[in-house]
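As structure tokens, the structure follows; a few thoughts come after it.
The values are calculated or read from the model by the stated rules, or taken from the named source; none is laboratory data. Small disclaimer: the values here were computed from a predicted structure and weren't measured. Note: ideal-geometry Cβ built from the backbone for every residue, glycine included; neighbour counts use all protein chains shown.
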Amino acid sequence: MTDCIFCKIIRGEIPCAKVYEDDAVLAFDDIHPMAPVHVVIIPKTHVATLLDVDAKDATVGRLIAAAQDVARIKNVAAGGFRTVVNCNADGGQVVFHLHMHLLGGRKLEDQLG
Ligand code: AMP
Ligand code: ZN
């Protein structure tokens, strides 16, 4: 058992506004949205950061596939959206369970940070 906040969401111990779920991935609305659409997409297995992903396993592909579904579910696929994976302190990572942000619903700034 881990006290990781995203693992608690996966186990149903903390509620979330679910957007999409399959056997490998869960996606839910960010609690502090930075755009009209702001979804957090996470693998169901605990991986701390992007640097801990085994690039040969299916996790990254499953996250990308989920992002495609989330973009369509949230009606931002045609208009466009941004995906972001923060890594470690300078990258702004606060929750150490790998996650992809999907932002859209307005014209996003040109700069990334
Ligand atoms: P990061 O800075 O990349 O680690 O992003 C973590 C994100 O998780 C932030 O955008 C938070 O607003 C979001 N977050 C933290 N706790 C929750 C929660 N319980 N439900 C939904 N989003 C959350
Ligand atoms: Zn976790």
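A few remarks follow.
- Some residue of segment 72-92 being within 16 Å of ligand 2 (Cβ to nearest atom) and aromatic (Phe, Trp, Tyr): no
- Residue that is at pLDDT below 95 and among the basic types (Lys, Arg), where the choices are 56, 74: 56
- Restricting segment 57-107 to residues that are assigned to a loop (DSSP other than H, G, I, E, B) and β-branched (Val, Ile, Thr), the residue that is surrounded by the fewest Cβ atoms within 10 Å (Cβ to Cβ): 94
- Restricting attention to segment 16-29, the residues being within 16 Å of ligand 2 (Cβ to nearest atom) and either part of a loop (DSSP other than H, G, I, E, B) or touching a Ser or Thr at 6+ places or on another chain (Cβ under 8 Å) (or both) number 2.
- Answer residue from segment 30-54, given it is farther than 17 Å from residue 93 by Cα and within 14 Å of ligand 1 (Cβ to nearest atom) and is surrounded by the fewest Cβ atoms within 10 Å (Cβ to Cβ) among those: 35
- Residue that is farthest from residue 86 (Cα to Cα), among those in segment 33-53 that are away from ligand 2 (no atom under 16 Å from the Cβ) and more than 13 Å from the chain's Cα centre (by Cα): 36
- Residue list for segment 1-29, filter: among the basic types (Lys, Arg) and surrounded by 13 or more Cβ atoms within 10 Å (Cβ to Cβ): 8
- Residue within segment 21-28 that is within 14 Å of residue 102 (Cα to Cα), among the aliphatic types (A, V, I, L, M) and touching an Asp or Glu at 6+ places or on another chain (Cβ under 8 Å) present: yes
- Of all residues making up segment 55-102, the number that are aliphatic (A, V, I, L, M), closer than 17 Å to residue 20 by Cα and near ligand 1 (Cβ under 10 Å from one of its atoms): 2
- Residues in segment 91-113 that are of a type outside the set (S, T, N, Q), more than 28 Å from residue 58 (Cβ to Cβ) and out of contact with any Pro (no Cβ under 9 Å at 6 or more places or on another chain): 5 in all.
- Scanning segment 1-18 for residues that are within 11 Å of ligand 1 (Cβ to nearest atom) and aliphatic (A, V, I, L, M), we see that the one that is farthest from residue 101 (Cα to Cα) is 14.
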